[in-house]
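A.B. asks: Input: one structure, supplied below.
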Amino acid sequence: MTQLLDAAPTTRLTGFRVRSVVPGRQRWDVPRVRGNPRAARALEAALLRLPGITGVQASPATGRVLVLHDRELGVTEVGAALRDAVAASATAPLVVEGRTTTAPPATAPPATAPHTTGSAVALRRGGAALRRPLALVGLLTGVSSAVLRRAWRALLRPLRRTAPGTRLSAHPLVRVLGRRRSALAVAAALTAACQLAELGLGLFLGWILLVLIKGEHAPLTALGIASGPAQLLALAAGAAVTCGVVVALSAASGARWRELGQGVQRDQRARLHRHAQHLQMRHLQRERPTRVAGVLADDVDQLGAFFSGPAGEVVQLATSAVILVPSFLLLAPGIAWIAFLPLPFVAVLSLRQRDRAAADYADAGEQAALLRSRLSASLEAAATVKGACAEDHEAELVDRLELAGADAATRTQLHTVRFGEGIRAWTTCSMAGTLLVGGLKVLDGTLAFERFSPLIGLPQQMVMRLTRLGPIVDQYQRTLAAHDRVEHLMSLPAEPTGGRALARERVKGAIALDRVSFSYDGRPRVLDRLSLRAASGKVTGIVGATGSGKTTIAKLLMRFQDADSGRVLLDGQDVCGLRLPDLRASIGFVSQDPFLFDGTIADNIRYGTFSATDEQVRAAARTAEAHSFVQSLPLGYDTVVGEHGASLSGGQRQRIALARTVLKNPPVVVLDEATSAVDNETEAAIQRALATFAKGRTLIVIAHRLSTIRHADHIYVLDAGGVVAEQGAHEDLVASGGRYASLWELQAGAKG
């Protein structure tokens, strides 16, 4: 995505240019459609016929074209499609309201006088109809319906990634609900009932005003409540009861919505975290752990927050519209048009806000992820930063990232504020106009005050709901952006789950690499047709220069990576055909920098063998030469080690990691540079532990220090490219006078 964004400002194609690029969405400037609605519609129709294009919006007002497309398409492909569509739309027939016309050419002149005259005649003919209130209501309702229908289709269009006939049930936010759709129905029903009660409360207040002004309310008089005080008392009691119902329903619906939002968070986080735990290592490293953590925390929270709040407000707004529109049409059709006036304008503002916010939120999310990643890295690498005296450099870098994120957030907030204030202006004018027009009709006798009075308080409720439309659309955009990031993470391939079962107690531990080749993405080959064997129950040492593929062998054996060609065999079976949990349960792996969780020492030793007893934990620590130093700590095995084991030394962390492997008791153990960063005393302790633990099991020791593997049964010396340069026992290799002998002489001399 970064490459596309970087390329966007400089990309130019004939007659138009790209403005912004995010995965699945691009916005272009196309002068041909500016001021030319027919050309805009023809361009939309032409683009939608092209493969990979899922949606198009061409604005004749600004000359901008929003193209929604498959994520695989880049700027070049979309630009080519746009160029073809521009050429095709110049002659393509265009259907407008049942008539087939031809789209005007790019240089079509402005409308001529006959067209202007025709429009004027149409306006004069419609003038008489527009003077009638019901005609105004019909006109506004039709316009509102058309705009809202287009808005609804526009909201769904990016989400129809498969067939054009995708229904609402395929909307990603509906799919997010999963098994909680019934909970959504209950919460929506309670919210609708609460909104009906609020509208009823508004009616009671209007009737109270009527009694105060006219001294009576005819329906109550017909029921036998004749006096003004009695009617006021009855209406006040009805209002109090209705208010209690509103409070109860509001509390119940709020609790349901919050429960729904929290349930969505739990479901999505559990689903996403389980998938992230099984991601292939190369994808997990490429996505960066901090970014994955941000999706698990922030984006999943955003999904739950939408259902906790804005979703309920949508139901409130819809219920208000369903009740108020018939109420005005039945009781006061003459003022209904002024009450409905904001609807088409609000819908248009919502469409514009949706288009603007999509790219803004994607940009803001990317900047936030970069900032979070850098903050985490600078804190974790505190020793490196301080050692390089790079505190000021890190501060300046974070300031630049913060500024870029602030710019993206400011653009988003500016559009949101303009949207909200625009809606507020329209709805306020509508409320004032309703009071003015209705009041004038009451004064001239064309509208009975008894009908107008109950409606006085209702527009205010609708107005208050409409002012929330801006934040609702804002949260909707944030939620869609968060959902895209969640689904991107879910789309990454997980590790395979199938394969043959492998009983750990039957594993003998014979390891073989048969002509194995491997390279990391975009890099030269690390291993080139490498073949080597580790005998069952023996100690095999592997040494070599940096970059010779020693650690890669361990990764292939654990299936953290898979070979490009060749086979990695365990007891003659290709590890790619075995069940991963069985394979990894049979192999103990201790890396150069073992990871300790922020918990107690006992918890870290027990990790992976969670059912182990305290005595088994202590026995494993004794074997790993860790028991003595653990016992010297004030809290012993209950000592909390801190993040990454920060409160322990490197040698202590290594021995705890080794104790974890001892407790696991696998038939095969791989030590990857496990003693490279420890002192001689710790190395001696680890070697004593290994001498005891290695009996009866296969041990592969990848080492930089030759003293670590001098007692190995067989040693492989790797050259660059994963080629075996020498092999044999320690004494034989020293006697041969080759590379191993030179390294031994160098290290032994340095040691001496």
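The values are calculated or read from the model by the stated rules, or taken from the named source; none is laboratory data. These figures come from a predicted structure and were not determined experimentally. Note: ideal-geometry Cβ built from the backbone for every residue, glycine included; neighbour counts use all protein chains shown. Accessible surface areas use protein heavy atoms only, side chains included; no ligands, DNA or RNA. Shrake-Rupley method; radii C 1.70, N 1.55, O 1.52, S 1.80 Å.
A.B. asks: Given H placed on each backbone N at 1.01 Å, which residues far from Ser20 in sequence or on other chains put an amide H within less than 5 Å of it?
C.D. replies: Hits under the 5 Å cutoff: Arg27.
A.B. asks: Here's a follow-up. So, by mean Cβ neighbours within 10 angstrom, what's the order for 237-246, 536-545 with the highest one leading? Walk me through the intermediate numbers first.
C.D. replies: Values: 237-246: 15.4, 536-545: 21.4.
Highest to lowest by the protection proxy: 536-545, 237-246.
A.B. asks: How do the peptides 270-279, 203-212 rank, highest first, by the average count of neighbouring beta carbon atoms within 10 Å per residue? Please report the intermediate quantities before stating the final value.
C.D. replies: Working: 270-279: 14.8, 203-212: 18.2.
Per-residue mean Cβ counts within 10 Å order the peptides as 203-212, 270-279.
A.B. asks: Give a residue-ordered list of calculated ³J(HN,Hα) values for the range 200-211 (Karplus: 6.51 cos²θ - 1.76 cosθ + 1.60, θ = phi - 60°; whole Hz; x for Gly, Pro).
C.D. replies: The phi angles translate into x, 4, x, 5, 4, 5, x, 5, 4, 4, 5, 5 Hz.
A.B. asks: Compute the signed sum of charges (Lys and Arg +1, Asp and Glu -1) over the other residues within less than 14 Å, Cβ to Cβ, of Lys508. Intermediate values should be presented prior to the final figure.
C.D. replies: Working: positive: Arg504, Arg506, Arg533, Lys538, Arg697; negative: Glu505, Asp571.
Taking every other residue near Lys508 into account, the sum is +3.
A.B. asks: Right, another one. Apply the Karplus curve 6.51 cos²θ - 1.76 cosθ + 1.60, θ = phi - 60°, to the phi angles in the range 601-607 and return the couplings in whole Hz, x for Gly and Pro.
C.D. replies: In residue order, the calculated couplings are 4, 4, 5, 6, 5, 7, 4 Hz.
A.B. asks: Could you list which residues have their amide H under 5 Å from that of Ala729, counting only those 5 or more apart in sequence or on another chain, with H placed in the peptide plane?
C.D. replies: Hits under the 5 Å cutoff: Ile715.
A.B. asks: Still on this structure, I have one more. What is the Cα centroid distance between the range 240-317 and the range 516-576, reported in whole angstrom?
C.D. replies: Centre-to-centre (Cα) distance: 43 Å.
A.B. asks: Ignoring everything but the protein chains, give the 1.4 Å probe accessible area of Leu201 in square angstrom, nearest 10.
C.D. replies: That residue has around 40 Å² of solvent-accessible surface.
A.B. asks: What is the sum of charges, Lys and Arg at +1 and Asp and Glu at -1, for the other residues whose Cβ falls under 12 Å from the Cβ of Ala729?
C.D. replies: Details: positive: Lys538, Arg710; negative: Asp713, Glu726, Glu731, Asp732.
Charge balance near Ala729 sits at -2.
A.B. asks: Can you return the lysines within cross-link range of Lys441? Criterion is Cα-Cα under 28 Å, with same-chain partners fewer than 8 residues away left out.
C.D. replies: Lys214
A.B. asks: Probe of 1.4 angstrom, ligands and nucleic acids ignored: what's the accessible area per residue over the range 599-752, in square angstrom? Please list the in-between numbers first.
C.D. replies: On the way: 7140 Å² over 154 residues.
Per-residue accessible area for the range 599-752 comes out at 46 Å².
A.B. asks: Here's another thing I want to ask about it. Under 14 Å Cα-Cα from Lys695, which aspartates and glutamates qualify once same-chain neighbours fewer than 8 residues away are excluded?
C.D. replies: By straight Cα distance, Lys695 reaches Asp713.
A.B. asks: Classify the range 366-408 as rounded, prolate or oblate, taking a ≥ b ≥ c as the square roots of the eigenvalues of its Cα gyration tensor: rounded when a/c is under 1.5, otherwise prolate if a/b is larger than b/c and oblate if not. Please list the in-between numbers first.
C.D. replies: On the way: a/c = 4.96, a/b = 1.88, b/c = 2.63.
Note, shape of the range 366-408 comes out oblate.
A.B. asks: Which order, highest average first, do 667-674, 630-637, 252-259 follow once you tally other Cβ atoms within 10 Å for each residue and take the mean per peptide?
C.D. replies: On the way: 667-674: 24.4, 630-637: 13.5, 252-259: 17.9.
Final packing ranking: 667-674, 252-259, 630-637.
A.B. asks: Two decimals is fine: what is log10 I(q)/I(0) at q = 0.10, 0.11, 0.18, 0.20 Å⁻¹ for the range 651-742, from a Debye sum with one equal scatterer on every Cα and no solvent?
C.D. replies: -0.28, -0.34, -0.87, -1.02
A.B. asks: Okay, moving on. Using amide H atoms built 1.01 Å from N in the peptide plane, name the residues 5+ places from Ser586, or on other chains, whose amide H lies under 5 Å from its own.
C.D. replies: Sorted by chain and number, the residues that satisfy this come to none at all.
A.B. asks: Also, I was wondering about something else. Shape verdict for the range 414-552, please, from the Cα gyration tensor: rounded (a/c under 1.5), prolate (a/b greater than b/c) or oblate.
C.D. replies: Prolate, since a/c reaches 1.5 and a/b exceeds b/c.
A.B. asks: How large is the accessible surface of Glu615 in square angstrom, using a 1.4 angstrom probe and rounding to the nearest 10?
C.D. replies: Surface open to solvent at Glu615 totals about 110 Å².
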